[in-house]
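What follows is a single structure, written as structure tokens, with notes after it.
Please treat every number below as a calculation from the coordinates, not as lab data. None of these values were measured; they are calculated from a predicted model. Because the Cβ atoms are built from the backbone with ideal geometry, glycine has one as well, and the counts that use them run over all protein chains shown.
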Amino acid sequence: MPAFLTGHFYDVANPELWVAVGLLIFVAIVVMAGVPKLVATSLDAKGAKIQSDLDEAARLRAEAEAMLAQIRQEKAEAEAQAAELLAAAEADAKRLEADAKARIEESTARRQALAERRIAQAEAEAMQDVKAAAADLAAKAAQQILAARIAGAKSDPLLDPAIAQIDGKLN
């Protein structure tokens, strides 16, 4: 059974009575001073601050999501542009390779034609040299043969009538 229901509790000499009276006076003073209003105002202000922080966090989150979506879109555009640049670079490389092959083939054909002309010219010069050497050799051989015939016989039966005919034909 609670102590305040017994008659002994209401005795002025009982210290528990005075603790209860002091407590009631303290609560009355606190209520009269407006502490509950201050506490309620403080709690309301704290709640409003928390709510504004939550609203700010939601706004920042929405802003961050918008920025993330924009960054993803820019990334996709950059990747598409990079793919286009890569394709263009590959096409340029293939075109340059084809041009280089054509120039190499053209240069090779020109060099081959030049080499063939030089070979033909060298062959012609060699043929001329051989012909000239053969003519010189034939002339020297004829000179030696004639010198040997002249030294061996003062007159040649075939040569004398030919020389006589030359004199008649020239005049």
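Here is how the numbers come out for the structure above:
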{"read-out": "Cut-off 14 Å between beta-carbons: net charge of the residues surrounding residue 91, Lys and Arg +1, Asp and Glu -1", "value": "-3"}
{"read-out": "Gain in span if fully extended, residue 79 to residue 129, counting 0.36 nm per residue against the direct Cα distance", "value": "10.7 nm"}
{"read-out": "Projected label distance in nm at residue 122 and residue 23, using a 7 Å step from Cα toward the beta-carbon", "value": "12.9"}
{"read-out": "Estimated vicinal HN-Hα couplings, Hz - segment 117-123 in sequence order (Karplus 6.51, -1.76, 1.60; Gly, Pro = x)", "value": "5, 5, 5, 5, 5, 5, 4"}
{"read-out": "Burial ordering of 12, 39, fewest other beta-carbon atoms within 10 Å first", "value": "12, 39"}
{"read-out": "Cβ-derived FRET efficiency at R0 35 Å, residue 35 paired with residue 14, nearest 0.05", "value": "0.75"}
{"read-out": "For segment 11-157, alpha-carbon Rg relative to the globular expectation (2.2 N^0.38 Å, N residues)", "value": "4.10"}
{"read-out": "Charge tally in the Cβ shell below 12 Å around residue 43, where Lys, Arg are +1 and Asp, Glu are -1, residue 43 excluded", "value": "+2"}
